[in-house]
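Undergrad: Dropping a structure here in structure tokens format, bear with me for questions.
The values are calculated or read from the model by the stated rules, or taken from the named source; none is laboratory data. Remember, it's a predicted structure, so these values are computed and weren't measured experimentally. Reconstructed Cβ throughout: ideal geometry from the backbone, glycine too, with neighbour counts over all protein chains shown.
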Amino acid sequence: MNAYNESSSGFSRRAWLQSSGMGFGSLALNWMMAGESSAETHHQPRAKSIIWLFMEGGPSHLDLVDPKPLLKKLAGKPLPSSFREPITAMGEKGAPLLASPRRWTQYGNSGIPASDWIPHIGECMDDIAVIRSCWTNGINHAGGVCQMNTCINFAGRPSLGSWINYGLGSANENLPSFVVLCDNSGRPVNGPRNWGSGFMPASHQGVRINGTEKEPIPNLHFPDGQTGSRLESKLSLLKQFNQSYAATHPQQTELEARIRSYELAFRMQAQAPEAVDLSQETYTTEEMYGMHAKETEVFGRNCLLARRLVERGVRFVQLYSGTGSKWDSHSGIEKNHSALCKAMDKPVAGLLKDLKQRGLLDETLVVWGGEFGRTPMSEKGDGRDHNPTGFSIWMAGGGVKGGQAIGATDELGLYAVEDKMHVHDIHASILWLMGLDNMKLTYNHKGRIERPTINEGRFQKRLITG
């Protein structure tokens, strides 16, 4: 799977084709070759698509899915000396432990607990695998979000969605393969870099659409007085201009991506309006997603759009909750998390239930989590600081065995101590469920073989075996 490889001699296939008089035809050849190789998988996939529910800012595992009775017992006291290991930029010095006032319920046949902040998600626990032993290198939001998206805590590498787009290609040529939805008009930390393609051609990057608007993808309808044939002629002329320039600047993959985006946009005019037309949904379905309540309307709309997109072949959909690090709660965690949980709990549960009743959950991997967790120590009296050394995410569908908790943090929820899963392992596991081996999926960048998890990471087998 090494489409787009460059020769170590510096004379690329693209340059050879151009020097042979084929010019911009090399782009079409590269596209076809990429499509052929990307149709392959390394083993039988469990999932066909991914919906990643990203809680930007770092949700508190201690208040959602990882109850710690000892934390309540020791509230107000300093961190026990047995826990005092070097912690960089985590917690105020000498800050006392902060209790979690949550009420916990054991749900379903599995008895997996969830807090009173997420009762609707709790109802789905028999379909969910909670991973309680995650850890990361990113201690601040920029590094944490970057690593959770790209497997490394500084810029320059492709996002996970881009790797999957590169590895598997599109399942529907009339829709983007990788889509991003945010719950407000703000900018996530790092911006488009989170769904960027890094050193890969820009055509593998994600496409952000605005699910908060009635027209999520603007300008899809033909302008008044314009016909499809007339617009096609204009697009053809524009393509000639772009190709003429690109033929002499083959290193600028952004232009190639723009040419493809024009072509995709033209194809989308036929199919995308129907894909994002929520008027086709029943009142009962809208109610399941919480679209008739002010608090849940926005994220409910995005979750419903995500289901419609994967239903039509979109490989990777990422939804941001709390766009702009809103889950960050250095103070006032009670107010902060209460509002955000209320906004996403019912929509997320609605998504899981809807996928399941449509027979789509088995082939759709749903991932929930943020860039890190929160500390058991207090900050500013009523908040929690970043905790990269131990936190939780959960997965459902896509072949994952639900109704289980994988791994554990210590008695206070500070460190992952059992079945630890680094972000490399999280990505490796997601790729494996999609039929891709993180060590076999490669890209030749300037003579160096690159892999999505940077030569690290292993599939967590308990995700499918329990």
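Undergrad: Of the residues that sit in segment 453-466 and are buried (at least 18 other Cβ atoms within 10 Å of the Cβ) and in contact with a Ser or Thr (Cβ under 9 Å, 6 or more places away or on another chain), which one is farthest from TRP163 (Cα to Cα)?
TA: LEU463
Undergrad: Let me ask something else about it. Could you list, in sequence order, the residues of segment 169-180 that are of a type outside the set (Ser, Thr, Tyr) and either free of Cβ contacts under 8 Å to residues at least 40 places away in the same chain or crowded, with 24+ Cβ neighbours inside 10 Å (or both)?
TA: Of everything in segment 169-180, those that are of a type outside the set (Ser, Thr, Tyr) and either free of Cβ contacts under 8 Å to residues at least 40 places away in the same chain or crowded, with 24+ Cβ neighbours inside 10 Å (or both) turn out to be PRO176, PHE178, VAL179, VAL180.
Undergrad: Go through the residues of segment 283-292 one by one and say whether even a single one is closer than 29 Å to GLY383 by Cα, in contact with a Ser or Thr (Cβ under 6 Å, 6 or more places away or on another chain), at pLDDT 95 or above and surrounded by 24 or more Cβ atoms within 10 Å (Cβ to Cβ).
TA: Residues of segment 283-292 that are closer than 29 Å to GLY383 by Cα, as a first pass: 290.
Cutting the leftovers down to in contact with a Ser or Thr (Cβ under 6 Å, 6 or more places away or on another chain) gives us 290.
Within this subset, residues satisfying the condition of being at pLDDT 95 or above are 290.
Next, only the ones that are surrounded by 24 or more Cβ atoms within 10 Å (Cβ to Cβ) stay: 290.
Among the residues of segment 283-292, at least one is closer than 29 Å to GLY383 by Cα, in contact with a Ser or Thr (Cβ under 6 Å, 6 or more places away or on another chain), at pLDDT 95 or above and surrounded by 24 or more Cβ atoms within 10 Å (Cβ to Cβ), which makes the answer yes.
Residue-by-condition table, conditions (1) at pLDDT 85 or above; (2) aliphatic (A, V, I, L, M); (3) in a loop (DSSP other than H, G, I, E, B); (4) closer than 30 Å to ILE152 by Cα:
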position	(1), (2), (3), (4)
GLY198	yes, no, yes, yes
ARG208	yes, no, no, yes
LYS214	no, no, yes, no
LEU220	no, yes, yes, no
SER229	no, no, no, no
GLU232	no, no, no, no
LEU235	no, yes, no, no
LYS239	no, no, no, no
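Undergrad: Among the numbered conditions (1) in contact with a strand residue (DSSP E or B) (Cβ under 7 Å, 6 or more places away or on another chain); (2) modelled with pLDDT of 95 or more; (3) small (Gly, Ala, Ser), tell me where GLY57 comes up short.
TA: (1)
Undergrad: How many of the residues in segment 137-168 are closer than 21 Å to GLY413 by Cα and surrounded by fewer than 24 Cβ atoms within 10 Å (Cβ to Cβ)?
TA: Number satisfying all stated conditions: 5.
Undergrad: Given SER321, SER325, SER329, which one is among the hydroxyl-bearing types (Ser, Thr, Tyr), out of contact with any Asp or Glu (no Cβ under 7 Å at 6 or more places or on another chain) and under 29 Å from ALA95 (Cβ atoms)?
TA: Details: SER321 fails: out of contact with any Asp or Glu (no Cβ under 7 Å at 6 or more places or on another chain); SER325 fails: out of contact with any Asp or Glu (no Cβ under 7 Å at 6 or more places or on another chain).
On inspection, the qualifying residue turns out to be SER329.
Undergrad: Is at least one residue of segment 108-116 under 17 Å from MET55 (Cβ atoms), in contact (Cβ under 8 Å) with a residue 40 or more places away in the chain, in contact with a strand residue (DSSP E or B) (Cβ under 8 Å, 6 or more places away or on another chain) and of a type in the set (Gly, Ala, Ser)? So that I can check it myself, show each step before the final result.
TA: Step one: filter segment 108-116 for residues under 17 Å from MET55 (Cβ atoms), giving 114-115.
Retained after the next criterion (residues that are in contact (Cβ under 8 Å) with a residue 40 or more places away in the chain): 114-115.
From what's left, in contact with a strand residue (DSSP E or B) (Cβ under 8 Å, 6 or more places away or on another chain): 114-115.
Applying the additional criterion that residues be of a type in the set (Gly, Ala, Ser) yields 114-115.
Yes, the conditions are met somewhere in segment 108-116.
Undergrad: Sort out which residues of segment 93-151 are assigned to a loop (DSSP other than H, G, I, E, B), aliphatic (A, V, I, L, M) and modelled with pLDDT of 95 or more, and write them in order of number.
TA: Let us first name the residues in segment 93-151 that are assigned to a loop (DSSP other than H, G, I, E, B), namely 93-96, 98-103, 108-111, 116-118, 123-124, 136-140, 151.
Right, trim to aliphatic (A, V, I, L, M) and you get 95, 98-99, 118, 139.
Within segment 93-151, LEU98, ALA99, ILE118 qualify.
Undergrad: Still on this structure, I have one more. Just name the residue that is farthest from LEU70 (Cα to Cα) out of those in segment 406-419 that are among the aliphatic types (A, V, I, L, M) and surrounded by fewer than 21 Cβ atoms within 10 Å (Cβ to Cβ).
TA: Narrowing segment 406-419 to residues among the aliphatic types (A, V, I, L, M): 406, 408, 412, 414, 416-417.
Subsequent filtering for residues that are surrounded by fewer than 21 Cβ atoms within 10 Å (Cβ to Cβ) retains 408, 412, 417.
Numbers: ALA408: 14, LEU412: 6, VAL417: 16 Å.
Filtering first and then ranking leaves VAL417.
Undergrad: Among the numbered criteria (1) surrounded by fewer than 24 Cβ atoms within 10 Å (Cβ to Cβ); (2) in a loop (DSSP other than H, G, I, E, B), which one does PRO192 miss?
TA: Here PRO192 meets the rest and fails (2).
Undergrad: Just need a number here: residues in segment 272-309 that are closer than 23 Å to PHE178 by Cα, without any contact (Cβ under 8 Å) to a residue 12 or more places away in the chain and not in a helix (DSSP H, G or I).
TA: Counting residues in segment 272-309 that are closer than 23 Å to PHE178 by Cα, without any contact (Cβ under 8 Å) to a residue 12 or more places away in the chain and not in a helix (DSSP H, G or I) gives 1.
Undergrad: Just the residues that are over 19 Å from THR285 (Cβ atoms) and in contact with a Lys or Arg (Cβ under 8 Å, 6 or more places away or on another chain), please, taken from segment 335-361.
TA: Of everything in segment 335-361, those that are over 19 Å from THR285 (Cβ atoms) and in contact with a Lys or Arg (Cβ under 8 Å, 6 or more places away or on another chain) turn out to be ASN336, LEU340.
Undergrad: Could you tell me how many of the residues in segment 420-431 are part of a helix (DSSP H, G or I), in contact (Cβ under 8 Å) with a residue 40 or more places away in the chain and among the hydrophobic types (A, V, I, L, M, F, W, C)? Steps first, answer last, please.
TA: Step one: of segment 420-431, the residues part of a helix (DSSP H, G or I) are 423-431.
Then keep just the ones that are in contact (Cβ under 8 Å) with a residue 40 or more places away in the chain; that gives 423-424, 426-427, 430-431.
The next check asks that each one be among the hydrophobic types (A, V, I, L, M, F, W, C); those that pass are 423, 426, 430-431.
Summing the residues that are part of a helix (DSSP H, G or I), in contact (Cβ under 8 Å) with a residue 40 or more places away in the chain and among the hydrophobic types (A, V, I, L, M, F, W, C) in segment 420-431 gives 4.
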